[in-house]
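The values are calculated or read from the model by the stated rules, or taken from the named source; none is laboratory data. Only a predicted model underlies this, so the values are computations on that prediction, with no experimental measurement involved. Heads up, the Cβs are rebuilt from the backbone with ideal geometry, glycines too, and the neighbour counts pull from every protein chain shown. Only protein heavy atoms, including side chains, enter the accessible area calculation; ligands, DNA and RNA are left aside. Shrake-Rupley method; radii C 1.70, N 1.55, O 1.52, S 1.80 Å.
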Amino acid sequence: MLVTINGKIHNFKTSLSLEALLKEFGIDHSKVAIERNLEIVPKSTYDQIIINDGDKLEIVYFIGGGALS
Amino acid sequence: MIDDDPLFVAGRQFRSRLLVGTGKYKDFSEMAVAIKASGAQIVTVAIRRINLTDPTKPMLVDYISPKDYIFLPNTAGCFTVDDAVRTLRLAREIGGWNLVKLEVLGDQKSLYPNMIETLKAAEILIEDEFQVMVYCTDDPVFAKKLENLGCCAIMPLGAPIGSGLGIQNYMNIRLIVEQAKVPVLIDAGVGTASDATIAMELGCDGVLMNTAIAQAKNPIVMANAMRLSVEAGRLAYLGGRIPKKFYTNPSSPVTGLISE
């Protein structure tokens, strides 16, 4: 199953929830937001949303920034 | 700061009229100390893809907490309506922030805002119940259009982002201040403390800066200077400066001189 995460293709053997995906990468879900196929995924549904082959995910977090890009 | 002179933005009340960015510091520790020294209560933050290969490395939120500061997600680096709106929707999902800073840039070299796209993005975001503080050009007509759309703060540039040129547009800033019924904050262009004071003396409600502190030789000392300069400028504005005159007006009595 091929899934694009932050612009890079990842291969997963089995289907998994967003919650499980974050766990696999060691990401604290309270610090990120996820967009799946251009739609925001509510945090409360991470354990119910199962990622599919061909999904495009964006996982973002806050970094230092201000008046400069 | 005088106690009974808070800044009101989108129904929220702030003691400090200085807003600061969190980018371009040497490291997170220096950033945290400098921001504390600035007295700022609102800090801008950017939204970027997480590094999947090393997600455990230190994060901004490990050094400054959303419990201590109002995080103001911004769209720095966005050049299209779509990117700006997507970015702020993601930011809202991270922690539920509705108060955001919108900027839609139009030119790589000057990072000058694209006002047509900024207006479109502001409309979409306000419809989606965001409270939008908006980075804009110093054109009073566009500033008014943004205010009429429902933006909660108008943030014109004093000079290009990161240029440190100071306030280059006294007349335009003053025109925007005089017409606005929402707070006007200078966003971009400040180089040193006196620039921030001038912005406040012009009647701006606040100043947002990042580079002038983060890239100073000693950011912590400069953060202190900026805090004081914003306060000084605000007090001078409230105090009401004397009019400028072409001729002298002695400060000592002109009668009772020994030569009389």
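Taking every residue in A:29-40, how many Cβ atoms of other protein chains lie within 10 Å of its Cβ, on average?
Numbers: counts 1, 3, 8, 8, 10, 4, 5, 0, 0, 2, 1, 5.
For this peptide, the per-residue mean of nearby foreign Cβ atoms is 4.
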Query - 0 to 90° range, to nearest 10: angle between helix B:170-179 axis and chain B longest Cα axis - result: 80
Report task. Considering only B:Ala214, B:Ala32, B:Ala223, give the residue with the highest GNM mean-square fluctuation for chain B, with springs between Cα atoms whenever their separation is below 10 Å. Result -> B:Ala32
Query raised in the report: Out of residues 5 or more away from B:Leu72 or on other chains, whose amide H comes under 5 Å of its own, with H placed 1.01 Å from N in the peptide plane?
Result: B:Val43, B:Thr44, B:Val45
**Report entry** Within segment B:164-260, chymotrypsin sites (Phe, Trp or Tyr not before Pro) in DSSP loop having at most 15 other beta-carbon neighbours inside 10 Å
**Finding:** B:Phe246, B:Tyr247
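Using 0.36 nm times the number of residues separating B:Ala236 and B:Phe8, minus their current alpha carbon distance, what extension gain do you get? Numbers along the way, then the final one.
Working: separation 228, 0.36 × 228 = 82.08 nm, distance 1.93 nm.
Once the chain is fully extended between B:Ala236 and B:Phe8, it gains 80.2 nm.
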Requested in this report: Per residue of B:81-93, count partner chain C-beta atoms within 10 Å of its C-beta, then hand back the mean as an integer.
Outcome: 3
Query - Rel. contact order, % - alpha carbon contacts under 8 angstrom, at least six apart, chain B - result: 18
Query raised in the report: How far apart, in nm, are two points set 7 Å out from the Cα along the Cα-to-Cβ line at B:Ser251 and at B:Asn51?
Result: 5.6
Query - Dipole magnitude of segment B:124-170 about its Cα centre (Cβ charges: Lys, Arg +1; Asp, Glu -1), debye to nearest 20 - result: 200
Requested in this report: Hey, for a label at A:Ile50 modelled as a point 7 Å past Cα toward Cβ, could you say which residues of segment A:5-26 have their backbone N under 15 Å away?
Outcome: A:13-21
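So with the 1.4 Å probe, I'd like the accessible area per residue for the protein assembly as shown, rounded to whole Å². Working shown, then result.
On the way: 15870 Å² over 329 residues.
Result: 48 Å² per residue.
Tell me what chain B gives for mean residue ellipticity at 222 nm when only DSSP H runs of n ≥ 4 count, each as -39,500 (n - 2.57), the sum divided by the residue total, rounded to 500 deg cm²/dmol. Before the final figure, lay out each step's value.
Numbers: 8 runs with 93 residues, N = 260.
Calculated from helices alone, the mean residue ellipticity at 222 nm is -11000 deg cm²/dmol.
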Report task. Just tell me how shielded B:41-51 is by partners: mean number of partner chain Cβ atoms within 10 Å of each residue's Cβ, no decimals. Result -> 6
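DSSP loop trypsin sites (Lys or Arg not before Pro) in segment A:11-63 with at most 13 other Cβ atoms within 10 Å of their Cβ, which ones? Provide the component values of the computation, followed by the final result.
On the way: sites: A:Lys13, A:Lys23, A:Lys31, A:Arg36, A:Lys43, A:Lys56; in loops: A:Lys13.
Taking segment A:11-63 and a limit of 13 other Cβ atoms within 10 Å, the loop trypsin sites (Lys or Arg not before Pro) found are A:Lys13.
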Query raised in the report: If contacts are Cα pairs under 8 angstrom and at least 6 residues apart, what is the relative contact order of chain A in percent?
Result: 43
Report summary line: Residue by residue through segment B:130-147, the couplings from Karplus 6.51 cos²θ - 1.76 cosθ + 1.60 with θ = phi - 60°, in Hz, x for Gly and Pro, are 7, 9, 10, 8, 10, 6, 8, 6, 8, 7, x, 5, 5, 4, 5, 4, 5, 5
Query raised in the report: What part of the accessible area of the protein assembly as shown, given as a whole %, is carbon or sulfur when the probe is 1.4 angstrom?
Result: 53
Report summary line: Sorted by chain and number, the residues with a modelled amide H under 5 Å from that of B:Asp187, at a separation of 5 or more or across chains, are B:Leu157, B:Gly158, B:Leu208
Query raised in the report: DSSP loop trypsin sites (Lys or Arg not before Pro) in segment B:166-260 with at most 12 other Cβ atoms within 10 Å of their Cβ, which ones?
Result: B:Lys181, B:Lys217, B:Arg241, B:Lys244, B:Lys245
Query raised in the report: Which listed residue (B:Val184, B:Ala91, B:Val81) has the Cα farthest towards the positive end of the charge dipole for segment B:38-197, taking +1 on Lys and Arg C-beta and -1 on Asp and Glu C-beta about the Cα centre?
Result: B:Ala91
Query raised in the report: How high is the FRET efficiency from B:Lys217 to B:Lys67, r the C-beta distance, R0 30 Å, rounded to 0.05?
Result: 0.45
Query raised in the report: Taking R0 as 51 Å, what's the FRET efficiency between A:Met1 and B:Arg15 from their Cβ-Cβ distance, rounded to 0.05?
Result: 0.45
Query - Total accessible area lost when B and A pair, probe 1.4 Å, Å² to nearest 100 - result: 3100
Requested in this report: List, in order, the whole-Hz ³J(HN,Hα) value for each residue of segment A:53-61 obtained from phi through the Karplus relation with A = 6.51, B = -1.76, C = 1.60 and θ = phi - 60°; use x for Gly and Pro.
Outcome: 4, x, 4, 10, 10, 10, 10, 10, 8
